[in-house]
Every structure is written in structure tokens, then in C-alpha cells.
Amino acid sequence: MNLLHGVGDFFSLDLGTNSMRIVQLFGSSRTGWTLSKYAYVPIDPKLLADNSELGRKHLGEAIMGAVLQAGIRTKNVAIGLPATRTYTTIVDTDTLPDKELDKAFRYEIEKYVPMPMSEAKADYVVLGPSPNNPAKTEVLVSSISKEYAESFMETIEKTGLNIIAMEPEPLAMARSLAIPGAMDATLIVDFGEKSTDLVIVYKNQPRLVRSIPGGFGQLVRIVASGLSVREDQARQFILKFGLADDKVEGQVFKLLSHSLDTYSSELAKSVRFFQTRYLNSKVGGIVVTGYGSMIPLFTEYLEAKSGVPTMKGNPWQSVRTTPEQQRALAPVAGEFAVAIGLSERSND
């Protein structure tokens, strides 16, 4: 995998549970970004789950349809990898000159990968001096099952596209949602359909990455069962009334309170773990994306539970767009965090 290195002319592809997002940006992190091309295409969740030859063929056709819709000409693509399929950790290693560090760490990387290297693809990026030992260097390590990665790559490459980078979705998301110029750490919470991804960004680098099982779909099932309604109705109830205790007699909030308390305790656990490593730091803000930014009063709930200022994430904060693009993207703008983050990979 190519994690955080420059990659040339390319576009990004984010395959979500219910839709795919494509983005191509012009510019750089130094000069700023401008939206060039994009596409948002709903997809059937069963399509991503179908690993048959025919299923992968149909997925490839859907991807190329989206590329055509966006008007993208380059064949180079950067792809997001689901957090549930990747393992990312932060480790300390001996401080050495770049070439020596690369040679030494390639040899010892297997210590930090939770599977035999014969079954894994792994890569790393140097973050800087270790916060606890000046003689050590802090390194981010990410790995994925070789079987899954190669199957995924085969599906994409059969379309004629050229994969030039694969990156865990939380790392891409952190790039687009991190608060510019923040002195304190920021906790980014992506409340997805099947899981919740957490990333703590400190000094412009991801310092903790976690994925918690269960997401919006779990809340939908709880409400559907508790109110004896269909899941599509439960989904509408949550997105319309959210956590308001004065709507539908507060039934939605009451049904969800236990699960939400579990999520908030996991956030607190992540913050405590981060602060045991970065002793002189604190989490000064929480940024919410995914369904968390769509559920009414969700950010207010997290802020009340954590005592930390919480806001909805804006993945477009560093991207220039035209009024026409803004109008077209308005209903789905919050879903582009991973796609934009992938496209903001530095070419400087």
C-alpha cells in the first residue's frame, strides 16, 4: 500500500455501504484545492457484498458508470479501504537516518501486523519524534489482508483503472475533517451504517485510529423493534426527530439512550488512551461526520456527555467550489469526507 506519499494526477474513489463518491481536485495543500470533477451514485448494498465473478463484474460496471458521469479522463485512482478491513497502530522505533530507518523498519514491521506477513500487505509512515522518548521515532503502521486487497484490486483493475494508492478510510477522513490550525487534539467521529470509526488528530497527524462495531443500522433496528415499525420507517423517525425528548413523546431517544451511552463511553475510553501517551495534550474538540451529522441533536448529545465542544464536520472546508457545485452537492455534501481526504493526498 501507498499510505501518505505524493501520487501525481489521479481521482479518488470511496465505496460506501449505500453509495459511491468520486472526487478529482486541482491544487495542493500549499496553494489550496479546487473541485474539478465529482460524482455521487447510490448503490445497492448487496452489490458490495456479492463476491462472485458476476457480482464483481457488475460492481466494476457501476464504478465505470460513475467515472463516466463525473467526466474524469485519468485512469489513475486512489481508493479508500474500510476501517473494519484494516489494522492501524502507532509504534515507536529507533531513530535512524531515513534510508537506514526504512531498511530496518521493513524488517521489523511484522511485529506490528496482526497476521503473518505472507498473508498481509503493510506500509508505514514516519510521524516524527516519539512523545515519550527523544531517542525514538513515532511511526504509523497500517496493514490489510492480502487476499482482500488483491481481490479488491482485481475488481478495480479489470475496469481498466490504475490503482496508485490504497489508504484506510479513517486516515483519509482525518485529512479532510481536521480543524486547520488546531493547537489541541481533535477527535473525529464517523458514525457509519455498520460501524463507527474514531480518529484522534494531533499536530496535523492521526495519533489514534479505532473502529467500533455497530452503527446507524443498529440504531434503526432498535427503533424498529421498539416501535413495531418497518426499518425504513424507523430510519425516517431517527433522521427526522433525532434525540429530541419532546418529539413522539421522546420514544426514539429513550430507545436509543443505552446504545448511545455505550458509544459515548467508547469515545471517553479513546480519549483516555490518547492522553496516556501524549501526556501534555488534551482533546479540545470533537468533529462528527456520517450519520452523526445527520441525526438531529446528536452533536449536542456528545458535547453534553463529553464536556468537549462538538460540531458537525465540513470536508469541503479547504476546497473551493462554484455556486452551481454547492447547490448540486448540498443534499450529500457531508458524505464526501473520505473521497475528499483521498484527493487531498499531498503532491507537494
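The values are calculated or read from the model by the stated rules, or taken from the named source; none is laboratory data. Bear in mind that the values here come from a model prediction, so they are computed numbers and not experimental data. Here the Cβ positions follow ideal geometry from the backbone for every residue, glycine too, while neighbour counts run over all protein chains shown. All accessible areas refer to the heavy atoms of the entire protein, side chains included, with ligands and DNA or RNA removed. Shrake-Rupley method; radii C 1.70, N 1.55, O 1.52, S 1.80 Å.
Some observations on this one:
- Distance from segment 125-175 to segment 41-56 (C-alpha centre basis), Å: 24
- Distance distribution note for segment 80-154: the fraction of Cα pairs above 13 angstrom is 66%.
- Applying 1/(1 + (r/R0)^6) with R0 = 25 Å to the Cβ-Cβ distance of Asn162 and Gln69 gives a FRET efficiency near 0.80.
- Sequence-separation-based contact order of segment 1-87, relative, with Cα cut under 8 Å and 6+ spacing, percent: 33
- Residue-wise HN-Hα coupling along segment 73-84, computed from phi with Karplus coefficients 6.51, -1.76, 1.60 (Hz; x: Gly, Pro): 9, 5, 8, 7, 9, 9, 10, x, 10, x, 4, 5
- Separation of alpha-carbon centers, segment 179-257 and segment 84-124, rounded to whole Å: 33
- For the chain, accessible area per residue (1.4 Å probe, heavy atoms of protein chains only), Å²: 48
- Accessible carbon and sulfur surface of segment 127-216 relative to its total accessible area, %, 1.4 Å: 51
- FRET efficiency for Thr34 and Val125, using Cβ-Cβ distance with R0 set to 25 Å, rounded to 0.05: 0.45
- Normalised contact order of segment 277-332, rounded percent, pairs of Cα under 8 Å and 6 or more residues apart: 34
- Nearest-0.05 FRET efficiency for Asp94 and Met183, computed from C-beta distance (R0 41 Å): 0.90
- The 3J(HN,Hα) values that the Karplus relation (6.51, -1.76, 1.60; θ = phi - 60°) gives for segment 236-246 are, in residue order, 5, 4, 5, 6, 8, 9, x, 9, 6, 8, 10 Hz. Gly and Pro appear as x.
- Calculated from backbone phi, Karplus (6.51, -1.76, 1.60) coupling profile of segment 150-162 in Hz, x at Gly/Pro: 5, 5, 5, 4, 4, 4, 6, 6, 5, 7, x, 7, 10
- Contact order normalised by residue count of the chain, Cα under 8 Å, 6+ apart, percent: 22
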